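S.K.: So that we are looking at the same thing, I have put the structure below in structure tokens.
What follows draws every value from the coordinates through simple rules; no lab data is involved. These numbers were taken from a predicted model, which means no experiment stands behind them. Neighbour counts run over all protein chains shown; Cβ positions are idealised from the backbone, glycine included.
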Amino acid sequence: MTGLTRPTRFETGLVVTVIVADQITKSLVRERLALYDSVTVIPGWLDLTRVHNTGVAFGMMNSTDFPFKAIVVPALAVLAMLGVLWFALTIPATDRFARWGMAGVVGGAIGNLIDRATVGYVLDFVDAYWGDWHFWAFNVADAAISIGVVCLLLDVLGVGRRASHPV
């Protein structure tokens, strides 16, 4: 097992930037849009629509009610966040692409966790669609998590690494 590595200033800055951008955009949406209100940004493709996600990723369990849901879902989010943070700190300092990806994941996870802890739901507002097909509504935190996961996958595939034995 590898030891824990400290985040660099860049990684810490990326985490903070994601959290701040996420919370600012959510604050603006809260001020300007009522629940389910929508503003067209690109006709036929992109709207800003305020929705609340009381469930987990991709709105799963959003319409499911069970006893103590308001406690269970944030508790699961905290446990997942701790696992993600631990994993992020175990990535070797030399794997920069993976570490930058994990910084996006950590920043996004914290941004959404702030919502769950303070208002009991995650505010989503980016509504991408084509005709009748709609992607899940998302926010800045979700976008950072998704981009971070793509960076991790690219790292696994070896993108950005130098060959140890150049020809």
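S.K.: Around Pro7, under 12 Å between beta carbons, what's the net of Lys plus Arg minus Asp minus Glu among the other residues?
M.R.: Net local charge, Pro7 excluded: +3.
S.K.: Multiply the residue separation of Thr17 and Ala93 by 0.36 nm, subtract the distance between their alpha-carbon atoms, and state the gained length in nm to one decimal.
M.R.: So the extension gain works out to 25.3 nm.
S.K.: What number results when the radius of gyration of the chain, computed over Cα atoms, is divided by 2.2 N^0.38 Å?
M.R.: The reported ratio for this selection is 1.16.
S.K.: Counting Lys and Arg as +1 and Asp and Glu as -1, each charge on the Cβ, what is the dipole of the chain about the Cα centre in debye, to the nearest 20?
M.R.: About 640 debye.
S.K.: Relative contact order of the chain: what whole-number percent is it, with Cα pairs under 8 angstrom and at least 6 residues apart?
M.R.: Working: 229 pairs, mean separation 51.3, N = 167.
Answer for the chain is 31 percent.
S.K.: Could you line up Tyr36, Tyr129 from fewest to most neighbouring Cβ atoms inside 10 Å?
M.R.: Going from least to most buried by this count: Tyr36, Tyr129.
S.K.: Still on this structure, please answer the following. I need the calculated FRET efficiency for the pair Thr118 and Val156, taking r as the beta carbon distance and R₀ as 41 Å, to the nearest 0.05.
M.R.: Numbers: r = 35 Å, r/R0 = 0.84.
The pair Thr118/Val156 has a calculated efficiency of 0.75.
S.K.: Also, I was wondering about something else. In a shell of Cβ-Cβ distance under 13 Å around Leu152, excluding Leu152 itself, what net charge do Lys and Arg (+1) and Asp and Glu (-1) give?
M.R.: Taking every Cβ under 13 Å from that of Leu152, the sum is 0.
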